[in-house]
Structure formats: C-alpha cells, structure tokens
Amino acid sequence: MANLPFLVDDVTAKLDSKDVADYGDYLLFRSKDPRRPGRAGYCIGYLLAKQLHTRMPMDALVALEGETLRGLLAEALRTLAPTR
C-alpha cells in the first residue's frame, strides 16, 4: 500500500476522535480524499491486529480495552510505516 505512511499519520491524528466524519472516512465509503480509499480502516485494523498478535495471544488481544488498548495501538501505528 503505497499511501500507508499517509494513512498511518492520519489515523494516528484521529485516534481519539469520536466524530463520525473521522472514522467514517475509514470504515465507510465516505472519503473524498483519493489517498484514503473507502473502508481502508479495515485494512489498517488488520495490520495492527497482526502486529499486536506477534506480541500476545489472540485471546489476550481481543480482551484489551481502554487506555491499555489505546497505548498499544498508538505504539503499533508508530512502527507500521517506519520509513516516513
């Protein structure tokens, strides 16, 4: 995914947002920005889950919540596109 660095930066900036305009760009076919394909959030989510699963078993991964989950996601996002 050539635009992964852009997507990682954008998701990181919106990580704490609860605004449907922000998450809709990633989970629906709403984005008007060609660098952000519709439903790109599912791909980013898969990459994050795959990365976190290398550190912990799936049963522990699916039980994460709150600040623990948020911290791990932020850390994984920082390493997802390290060449930017």
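The table below gives the values:
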{"quantity": "Entry for P(r) over Cα pairs in 5 Å bins from 0, in percent (calculated from the structure that is shown) out of (i) 2, 12, 22, 23, 22, 15, 5, 0; (ii) 3, 14, 25, 26, 18, 11, 3, 0; (iii) 3, 15, 27, 26, 21, 8, 1", "calculated": "(ii)"}
{"quantity": "For region 54-63, Karplus couplings with θ = phi - 60° (6.51, -1.76, 1.60), whole Hz, Gly/Pro x", "calculated": "6, 9, 7, x, 4, 5, 6, 5, 6, 8"}
{"quantity": "Mean ellipticity per residue at 222 nm, deg cm²/dmol - from DSSP H runs of n ≥ 4 across the chain, formula -39500 (n - 2.57)", "calculated": "-18500 deg cm²/dmol"}
{"quantity": "Charge dipole of the chain about the Cα centre (unit charges at C-beta), most positive-ward option of 64, 2, 51", "calculated": "2"}
{"quantity": "For region 4-80, size of Cβ-based charge dipole, Lys and Arg +1, Asp and Glu -1, in debye", "calculated": "280"}
{"quantity": "Relative packing of 28-36, 10-18, which averages over residues the other C-beta atoms within 10 Å, highest first", "calculated": "10-18, 28-36"}
{"quantity": "Loop GluC sites (Glu not before Pro), region 1-82, which have at most 10 other Cβ atoms in a 10 Å radius of their Cβ (DSSP)", "calculated": "65"}
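Each reported figure results from applying straightforward, stated rules to the coordinates on display, with no laboratory input. Not measured: the values here are computed from a predicted model. Don't worry about glycine lacking a Cβ; one is built from the backbone with ideal geometry, like all the others, and counts go over all protein chains shown.
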